[in-house]
Amino acid sequence: MPPTTEEIIRYMMGQPLDFTPGARYAYSNFGYAVLGRIIEQVTKRSYEAWVRENILAPAGISTMRIRQTLLQGKTTGEVTYVGPAGAPSLFTGVPSPVESAYGAWYMEAMDAHGAWISTAIDYARFLNAIDGRRGSRLLSAASVATLTARPALAEYQGKASWYAMGTAVNTSNHWWHSGALDGTATYQIRYGRRIYLRLVFEFPWRERSDLRRHG
């Protein structure tokens, strides 16, 4: 313990499907974990290194990186997360219970599906670079159209909003997404072609004199 992303994929590939692919929508991180490994197979680089060099750096982004699970791996400028105590440890050699934000989730295995950390400014730079609203664009107009297209699912037909390829979209071309782990929550909204609203929160679940909380 903890299991690697490859071990998780190997396990999941042996599980039955919940429904026929394309029949309905269900949010899942698993596909993004697989895509991260495909990037590694094609580029012969680590997922994080390739993304930072080929996607983030051209967009002028320097702070984004994969978060390390344990507190001793905290990077410069990263907040200290405070979550519920008493969680079982995922790490052999790290006894339970642990602080949930530092040992109940294995962030390194979540790399391509939710382990990126960043300043709010660099994350805004990334969102603006998707279609080049500011600076050079990461995706062509055709790719952006594919990214935001309404899926051909019965549940989305005639509806004002849908979940597209990694973001929720509506008929006004607003994009939005949320995310949360122990101690943090984020929400980003793109209003048409005008503005991005990016909210970042840290929740103090309980008082701790030995942890420093940042807003």
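Annotations for the structure displayed:
- Within segment 82-97, none of the residues are modelled with pLDDT of 90 or more, surrounded by 15 or more Cβ atoms within 10 Å (Cβ to Cβ) and β-branched (Val, Ile, Thr).
- When restricted to residues that are in contact with a Phe, Trp or Tyr (Cβ under 7 Å, 6 or more places away or on another chain) and in a helix (DSSP H, G or I), segment 23-55 contains 4.
- Evaluated against (1) modelled with pLDDT of 90 or more; (2) small (Gly, Ala, Ser); (3) assigned to a helix (DSSP H, G or I), residue 152 falls short on exactly one condition, (3).
- Just one of the listed residues (47, 32, 11, 27) is more than 27 Å from residue 122 (Cβ to Cβ) and either free of Cβ contacts under 8 Å to residues at least 24 places away in the same chain or not polar (S, T, N, Q) (or both), and it is 11.
- Among (1) at pLDDT 95 or above; (2) aliphatic (A, V, I, L, M); (3) within 20 Å of the chain's Cα centre (by Cα); (4) over 30 Å from residue 157 (Cα atoms) - the single one residue 42 does not satisfy: (3)
Residues are listed down the side, and each one gets a yes or a no for (1) surrounded by fewer than 17 Cβ atoms within 10 Å (Cβ to Cβ); (2) within 17 Å of the chain's Cα centre (by Cα); (3) in contact (Cβ under 8 Å) with a residue 24 or more places away in the chain:
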| site | (1), (2), (3) |
| --- | --- |
| 109 | no, yes, yes |
| 112 | no, yes, yes |
| 116 | no, yes, yes |
| 120 | yes, yes, yes |
| 127 | no, yes, yes |
| 140 | yes, no, no |
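- Pick from segment 156-181, criterion exposed (fewer than 12 other Cβ atoms within 10 Å of the Cβ) and more than 15 Å from the chain's Cα centre (by Cα), ranking: nearest to residue 36 (Cα to Cα): 173
Results for (1) among the acidic types (Asp, Glu); (2) within 22 Å of residue 58 (Cα to Cα); (3) at pLDDT below 95; (4) assigned to a loop (DSSP other than H, G, I, E, B), shown as yes or no for each residue.
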position: 138; (1), (2), (3), (4): no, yes, yes, yes
position: 142; (1), (2), (3), (4): no, yes, no, no
position: 162; (1), (2), (3), (4): no, no, no, no
position: 176; (1), (2), (3), (4): no, no, yes, no
position: 185; (1), (2), (3), (4): no, no, yes, no
position: 197; (1), (2), (3), (4): no, no, yes, no
position: 204; (1), (2), (3), (4): no, no, yes, yes
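- Exactly one residue out of 20, 63, 76, 69 is part of a loop (DSSP other than H, G, I, E, B), modelled with pLDDT under 90 and among the β-branched types (Val, Ile, Thr), and it is 76.
- Only residues that are over 20 Å from residue 94 (Cβ atoms), surrounded by 14 or more Cβ atoms within 10 Å (Cβ to Cβ) and of a type in the set (Asp, Glu) were counted across segment 40-80, and they come to 2.
The values are calculated or read from the model by the stated rules, or taken from the named source; none is laboratory data. Keep in mind the model is a prediction, meaning the values are calculated, not measured. Positions of Cβ are generated from backbone atoms using ideal geometry, with glycine treated the same way; all protein chains shown enter the neighbour counts.
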